[in-house]
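Down below is the structure, laid out as structure tokens.
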């Protein structure tokens with residue numbers, strides 16, 4: 001696990017699922033990785049991914065759950081953004097299906113198709129995960145442990 | 001500035017939108033951030049109003065300038081997708097120019113992708129601010 005190997009480029013926050021916190025976390029993550037990576041584009045991609053994952057977590061966290069956790073770890077050649085929260089089984093199943101769907105096919109085509117489908121339906125956009133995958137070039141991974149969901153957006157870093 | 005019916009400014013939380021009619025071009029400047037939980041609540045009806053008024057006035061070009069918009073979440077992007085989809089599916093739509101700053105990561109990633117939804121209607125205009 002990345003967190004066991006990292007040194008200084010690691011940040012973890014745990015807070016109540018309040019929407020208004022997401023913006024300040026996004027700005028903090030961007031600033032933190034702007035310094036840590038010296039790469040504005042990567043830092044902004046990471047902060048965008050953090051923001052989209054947190055938005056999903058706030059929307060779909062189970063109501064009795066009091067907090068969500070974001071940890072971002074930089075290892076030798078990758079950064080792992082992980083958001084963890086408890087969720088209802090039907091939301092977990094939806095997430096599994098969603099991930100499976102967006103990971104099959106060419107990302108741009110999947111993104112455009114998802115946009116067109118979203119435009120035709122009411123409700124949530126469900127564009128956050130494919131946006132992370134396509135626009136930020138991250139790899140996505142889902143870990144489920146009972147009713148606890150961890151979703152990772154993993155960014156490859158250029159070799160120094 | 002023309003602040004006639006349909007072309008009124010909008011301010012929602014940290015987002016500000018200011019439209020300005022300039023001949024047969026409608027210039028709309030967005031600034032701040034689209035990061036609210038349900039941006040569609042405010043933006044979907046607003047874009048619809050802009051769209052209807054632009055058609056009523058026979059506007060040829062709508063230029064949406066997002067260069068001062070420091071972030072847009074995916075729900076905000078969906079509001080633009082809905083607007084573009086409406087333009088694409090109705091005849092005689094104006095040209096929708098999306099003006100963005102190539103130095104802002106989300107803009108450089110999202111705007112050209114949005115333009116691919118309707119290449120005959122949407123024109124991405126990259127600037128180096």
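Calculated from DSSP H runs of 4 or more alone, at -39500 (n - 2.57) each and per residue, what is the 222 nm mean residue ellipticity of chain A, nearest 500?
Estimated from H runs of four or more residues: -15500 deg cm²/dmol.
Checking a compactness column here: for chain A, what do you get for Rg(Cα) / (2.2 N^0.38 Å), N being the number of residues?
Ratio of Rg to 2.2 N^0.38 Å for chain A: 1.01.
In µm²/s, what is D for region B:10-127 at 37 °C and 0.692 mPa s, where D = kT/(6 pi eta Rh) by Stokes-Einstein and Rh is the Kirkwood radius from Cα pairs?
Stokes-Einstein gives a translational diffusion coefficient of 233 µm²/s.
Restricting the count to DSSP beta bridges whose residues both fall in the protein assembly as shown, what percent are antiparallel, rounded to a multiple of 5?
65 percent
For region B:10-127, give the share of DSSP beta bridges that are antiparallel, in percent and rounded to the nearest 5; count only bridges with both residues there.
Approximately 35 percent, going by the DSSP bridge assignments.
Which ordering of A:21, A:134 is given by a fewest-first count of other beta-carbon atoms within 10 Å?
A:21, A:134
List B:36, A:115, A:120 from most exposed to least, where exposure is judged by having the fewest other Cβ atoms within 10 Å.
A:120, B:36, A:115
In units of 2.2 N^0.38 Å, what is the alpha-carbon radius of gyration of the protein assembly as shown?
Normalised by 2.2 N^0.38 Å, the Cα Rg of the protein assembly as shown equals 1.03.
Multiply the residue separation of residue B:61 and residue B:128 by 0.36 nm, subtract the distance between their alpha-carbon atoms, and state the gained length in nm to one decimal.
Separation in residues times 0.36 nm, less the Cα-Cα distance, equals 22.0 nm.
For B:63, B:126, A:117, what ranking results if the residue with the fewest other Cβ atoms within 10 Å of its Cβ goes first?
A:117, B:126, B:63
Would you mind putting B:88-94, B:15-21, B:50-56 in packing order, based on average other-beta-carbon counts within 10 Å, highest first?
B:15-21, B:50-56, B:88-94
Each value in this text was obtained by applying a stated rule to the coordinates, not by laboratory testing. The structure displayed is predicted, hence computed values, not measured ones. So basically every Cβ, Gly included, is an ideal-geometry build from the backbone, and we count neighbours across all protein chains shown.
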